[in-house]
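Here the structure comes first, spelled out in structure tokens, and everything after it is commentary.
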Amino acid sequence: MGNAYDTHSGIFTCPMDGVYVFHWTILTVKGKYFYTDFKVNGKVVGRSHPNAVEANRAASSSVVYHMKKNDKAWIEPLSHHNGLYAFPGWSFFSGYRLYA
């Protein structure tokens, strides 16, 4: 809703100043992991580290962050880790403005 999230790039562009809450869940399959950073304008403001040693595992994280209009937020996998795998259809990203 609101067209602030670009489904092609995965980037949320803040439509108005305020405090925003973001949630994301990553499910990874047995024997894999998928470490992610949550970034605002390229700065890491949150992390998630699901590690599925013996079974499929999920990790959820949340960030509360004061954003300004046109700030950009996204989830980015950590590139220096090998064995990365996010399970399709079971990983989610959502957010909303808490207050102005």
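The values are calculated or read from the model by the stated rules, or taken from the named source; none is laboratory data. Just so it is clear, the structure is predicted and the values come from calculations on it, not from any experiment. Cβ coordinates were reconstructed from backbone atoms using ideal geometry, including for glycine residues, and neighbour counts include every protein chain displayed.
Side notes on the structure shown:
- Taking the range 1-31 as the range and being within 13 Å of the chain's Cα centre (by Cα), surrounded by 13 or more Cβ atoms within 10 Å (Cβ to Cβ) and either not in a strand (DSSP E or B) or not hydroxyl-bearing (S, T, Y) (or both) as the test, the residues that pass are I11, F12, V21, F22, H23, W24, I26, L27.
- As a summary of the residue check, K69 satisfies the conditions (1) in a loop (DSSP other than H, G, I, E, B); (2) closer than 19 Å to R97 by Cα; (3) touching a residue at least 60 places away in the same chain (Cβ under 8 Å) except for the one numbered (3).
- Top-ranked residue in the range 32-60 [being more than 17 Å from W74 (Cα to Cα) and touching a residue at least 40 places away in the same chain (Cβ under 8 Å); ranked as surrounded by the most Cβ atoms within 10 Å (Cβ to Cβ)]: Y33
- Checked against (1) within 20 Å of N56 (Cα to Cα); (2) at pLDDT 90 or above; (3) among the basic types (K, R), K32 passes all but a single condition, namely (2).
- Every residue from the range 44-66 that is out of contact with any Gly (no Cβ under 8 Å at 6 or more places or on another chain), at pLDDT below 85 and not in a loop (DSSP other than H, G, I, E, B): N51, R57, A58, A59
- Residues (modelled with pLDDT under 95 and surrounded by 18 or more Cβ atoms within 10 Å (Cβ to Cβ)) located in the range 67-80: W74, I75
- Here F93 meets the list (1) surrounded by 13 or more Cβ atoms within 10 Å (Cβ to Cβ); (2) in contact (Cβ under 8 Å) with a residue 60 or more places away in the chain; (3) touching a Ser or Thr at 6+ places or on another chain (Cβ under 6 Å) almost entirely, failing just condition (3).
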